[in-house]
Structures are given as structure tokens and as C-alpha cells.
Amino acid sequence: MDPSLEEDSLLRIDFGKLQTLPSQSGVVPCVAQDVDTGRVLMLAYVNQQALEETLARRTAVFWSTSRDRLWVKGSTSGDYLDLIEVRVNCEQNSLLYLVRPRQSGVCHTRDATGAHRDSCYYRVLEDGHLVHRPISAPWLS
């Protein structure tokens, strides 16, 4: 992963991400949302095996599209997401994991203090550039 992609102010959305996956990958997008705060933590991909593992472990498991293997969120960072509930959208082509983070970190990136960020959505699109800014939302007050 290009570190400048994670910290830069230059907007470079990967609109071709899903086109690069093998047609047999069988994944759907999955949003992880904090059940207590309502905050969206991250988006990843899930295949049938990842969903089955999530339900069995009661911890968020995804399919790593870059490594082409199961990814137990938190297995290397300790930032596990305990599963509260799985929701399925109306067209059954995406999932929502309602989770409770075990620790304060969620994202693999780190803030200026060196701590893992508490959400993967830490930048705001403003005038065509990305700006680091904490989320201001009703549930955070």
C-alpha cells in the first residue's frame, strides 16, 4: 500500500477496485458500524467463508481482496470487532456488521500520536482535496 494514499490530501478514489477482482471471488461489500455510537468504522469485503467464520467466532472476519485470504480483523493489531448483529440489505448484495470494538483502534493507519485511528473515515473531501478532520456527528457529542 502506498503510504501517501493514506495520508495525502490528493483525491485518488479507486473506482476500478471491484474490476480488478477475479470474477470467481464471490465477495460483497460489508460495512462495520459501531453498535453503541452509530459511527461507520470501515468497509471491507466478505465471501461465504468469511460470513460463516464471523457467525461462528462472533468476531468480524472479512475476505482480504489484496491478499486473497480470510482476514480476522484484529488478529495482528488487537483491534477486534465483536459481532453484535449481521444485517443484509434489500437486494442481498451487501452486509452491515453491527460491532463493538474491543479497543479504541480500528484502522490500520495511525494518527499523529501513533495510535490506530478509530475509523477508516478520517478525512473530509473539501474543495477537491482531502483534509484530516475528526467526524462531527450528533452521536459523538
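Mind checking which residues of the stretch 52-63 are out of contact with any helix residue (DSSP H, G or I) (no Cβ under 9 Å at 6 or more places or on another chain) and not in a helix (DSSP H, G or I)?
Initial filter on the stretch 52-63 (out of contact with any helix residue (DSSP H, G or I) (no Cβ under 9 Å at 6 or more places or on another chain)): 52-58.
If the condition is that a residue be out of contact with any helix residue (DSSP H, G or I) (no Cβ under 9 Å at 6 or more places or on another chain) and not in a helix (DSSP H, G or I), then Arg58 is the only one that fits.
Scan the stretch 84-128 for residues that are touching a Leu at 6+ places or on another chain (Cβ under 9 Å) and at pLDDT below 80 and the total you get is 8.
Among the residues making up the stretch 100-125, those that are of a type in the set (A, V, I, L, M, F, W, C) and crowded, with 17+ Cβ neighbours inside 10 Å are Val106, Cys107, Cys120. Identify the residue in the stretch 52-83 that is among the charged types (D, E, K, R) and modelled with pLDDT under 95 and, among all such residues, is nearest to Tyr97 (Cα to Cα). So, considering only residues that are among the charged types (D, E, K, R) and modelled with pLDDT under 95, the one nearest to Tyr97 (Cα to Cα) is Lys73. Restricting attention to the stretch 76-90 and to residues that are farther than 19 Å from Ser64 by Cβ and assigned to a loop (DSSP other than H, G, I, E, B), the residue that is least open to solvent (accessible area, probe 1.4 Å) turns out to be Asn89.
Yes or no, residue by residue, for (1) open to solvent by less than 70 Å² (accessible area, probe 1.4 Å); (2) part of a strand (DSSP E or B); (3) farther than 21 Å from His116 by Cα:
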position	(1), (2), (3)
Gln33	yes, yes, no
Ala50	yes, no, yes
Gly74	yes, no, no
Gln92	no, no, yes
Leu98	yes, yes, no
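For the stretch 124-141, the criterion of being out of contact with any strand residue (DSSP E or B) (no Cβ under 7 Å at 6 or more places or on another chain), touching a residue at least 40 places away in the same chain (Cβ under 8 Å) and part of a helix (DSSP H, G or I) is satisfied by at least one residue.
The values are calculated or read from the model by the stated rules, or taken from the named source; none is laboratory data. The shown structure was predicted, so the numbers you read here are calculated from the model rather than taken from an experiment. When we count neighbours, we look across all protein chains shown, and the Cβ atoms used for this are built from the backbone with ideal geometry, even at glycine. To get the accessible areas, we keep the full protein, side chains included, count just its heavy atoms, and leave off ligands, DNA and RNA. Shrake-Rupley method; radii C 1.70, N 1.55, O 1.52, S 1.80 Å.
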